[in-house]
Amino acid sequence: MKTFYKIIHTSSRILWGNREKRILCESLWMKENGHQVAIVASGDSPLFDKAKQNGLTVYPISFKSLARIGEYGRLKQIFDGEQPFVVNAHGKGDAKLALKAAQTMGVPCRIMSRHNGERVKGTWPNKKIYKTRCHYVFTNSKDTTANLKQTFSLSDMHIFSIPDGIALPDGAANQTTKTAARQKLAHILGLETDARFIGIFGKIERQSLSMLCKTADQLGRRFPYHHLVIAGSSEKQAPMDEKIYPHVHMLPQAEENNARLYPALDCCIYLPDTRNFYQGVPLEVTGAMAGFCPVIGPDTPGIRDVLIDNQTGRVFDPRYSESLLKIISWTLDAPQAVQNLTQAARTLVEQHYTMDAMGRHILRIYRLRLIKINRKFQTTL
């Protein structure tokens, strides 16, 4: 008989990034599959608004230091009233309060989710979160899992790598669809209809922008119709003057929809955060792979999980970006080899990086916890 769970997610951030998209998408998937889900987040956050708009139960909690005492009591009231099987905290800011309240109220399955690969120090407060307050730790990359296992001496049954899932687009776009997508993008950017495009994703800093402009200039000597298009939230990107860099463009924020963008691209490049190479598996990378768009990415933890050089994509050493031009040129010059890469990439995403794959993995762990609780209860009878 199928078991249905009541799940509460908590989040202290007021941003709308991959972490918040993961929480919302996972919650909606669980709801569609018969489970009950509530989200506890700041009433000023995009996550709170979008969860409410999608019919999820929401509770406003700020997780600010000055409100900690009152909100701790409020969290206990929420958990007492909802009686969830799962409380999943998604950052240190909410975990300190939410997991403590969940432990006090006897929530059967308490989870700490780690969404980026920045190294966590083995301090006493962190040990309380990762070893005492929660039953399981979820990460979104194998590298983060390995690091946390070592830092906190976690067993294989305590920590799991569960990357963010995506919704698969319908098959590969045909030539007519690709041409229409390119022409639409050219119109948006005010370019000629025969323009071709390379997408740029990730965090674009001044150093990266300088490198991209140099790459575009060199690339233009062999591929004069190709332009670089930077996609992503504008507040995360360095400012630029397109009059000075005519072959590098910032996609207008209103036009940012990566699923519609991928068919217009001959390939896409993901640039890492130079201050933190330890990251998870970016949605932009798996999204492009699912859309049969060839991906060039850095040889860094997290991305290594999905981007295998000459098998599912191409990788470059972020310390030596000079190799990027050579890899781009190869990608544009080798259509048959690229087709093999994109097919293998799509297959990998279908098997391990879809919403269904993510949801099934999470439910297996819920069942694992339920079985463990039932066995413990039976032995005490």
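Going through region 136-157 one residue at a time, which ones are open to solvent by 40 Å² or more (accessible area, probe 1.4 Å) and in a loop (DSSP other than H, G, I, E, B)?
Hits for region 136-157 are 153, 155, 156, 157.
Go over the candidates 300, 286 one by one and state the one that is open to solvent by less than 10 Å² (accessible area, probe 1.4 Å) and assigned to a loop (DSSP other than H, G, I, E, B). Don't jump to the end; show me each part of the working.
Values: 286 fails: assigned to a loop (DSSP other than H, G, I, E, B).
Within the list 300, 286, the selection yields 300.
So how many residues does region 92-126 have that are hydroxyl-bearing (Ser, Thr, Tyr) and open to solvent by 10 Å² or more (accessible area, probe 1.4 Å)?
So the count comes out to 2.
Can you tell me which residues in region 117-135 are part of a helix (DSSP H, G or I) and under 21 Å from residue 163 (Cβ atoms)?
130
Counting just the residues of region 343-364 that are over 20 Å from the mean Cα position of the chain (by Cα) and not basic (Lys, Arg), which one comes out surrounded by the most Cβ atoms within 10 Å (Cβ to Cβ)?
Within region 343-364, the subset over 20 Å from the mean Cα position of the chain (by Cα) is 343-344, 364.
Narrowing the set further to residues that are not basic (Lys, Arg) leaves 343-344.
Details: 343: 13, 344: 16.
Looking at the filtered set, the residue picked out is 344.
What is the one condition in (1) touching a helix residue (DSSP H, G or I) at 6+ places or on another chain (Cβ under 8 Å); (2) within 30 Å of residue 106 (Cα to Cα); (3) of a type in the set (A, V, I, L, M) that residue 371 does not satisfy?
All conditions are met except number (1).
Scan 44, 49 and give me the residue that is open to solvent by 20 Å² or more (accessible area, probe 1.4 Å), more than 21 Å from residue 165 (Cβ to Cβ) and free of Cβ contacts under 8 Å to residues at least 12 places away in the same chain.
Criteria check complete, one pass: 49.
Let me confirm something: among 204, 198, which residue is open to solvent by less than 20 Å² (accessible area, probe 1.4 Å), within 27 Å of the chain's Cα centre (by Cα), farther than 30 Å from residue 126 by Cα and at pLDDT below 95?
One residue alone meets the criteria, 204.
Report, ordered by the first and then the second residue, all pairs with beta carbons closer than 6 Å, sequence separation of six or more or different chains, a first member in region 64-80 that is touching a residue at least 24 places away in the same chain (Cβ under 8 Å), and a second member that is open to solvent by 30 Å² or more (accessible area, probe 1.4 Å).
Here the result reads 76/105; 78/59; 79/105; 80/105, each pair linking region 64-80 to a residue that is open to solvent by 30 Å² or more (accessible area, probe 1.4 Å).
Inspect all residues belonging to region 75-84 and state whether any of them is out of contact with any Asp or Glu (no Cβ under 8 Å at 6 or more places or on another chain), crowded, with 20+ Cβ neighbours inside 10 Å, modelled with pLDDT of 95 or more and not in a helix (DSSP H, G or I).
Within region 75-84 (the criterion being out of contact with any Asp or Glu (no Cβ under 8 Å at 6 or more places or on another chain), crowded, with 20+ Cβ neighbours inside 10 Å, modelled with pLDDT of 95 or more and not in a helix (DSSP H, G or I)), the answer is yes, since at least one residue qualifies.
Given the options 170, 266, name the one that is within 18 Å of residue 342 (Cβ to Cβ), at pLDDT 95 or above and of a type outside the set (A, V, I, L, M).
Working: 170 fails: at pLDDT 95 or above.
One residue alone meets the criteria, 266.
What do you reckon, is residue 20 free of Cβ contacts under 8 Å to residues at least 40 places away in the same chain and either of a type in the set (A, V, I, L, M, F, W, C) or open to solvent by 50 Å² or more (accessible area, probe 1.4 Å) (or both)?
Criteria not met by residue 20.
The values are calculated or read from the model by the stated rules, or taken from the named source; none is laboratory data. Here the structure is a predicted model, which is why all the values come from computation and not from measurement. No Cβ is skipped: glycine too gets one built from the backbone with ideal geometry, and neighbour counts run over all protein chains shown. Remember, those area values only see protein heavy atoms, side chains included, never the ligands or the DNA or RNA. Shrake-Rupley method; radii C 1.70, N 1.55, O 1.52, S 1.80 Å.
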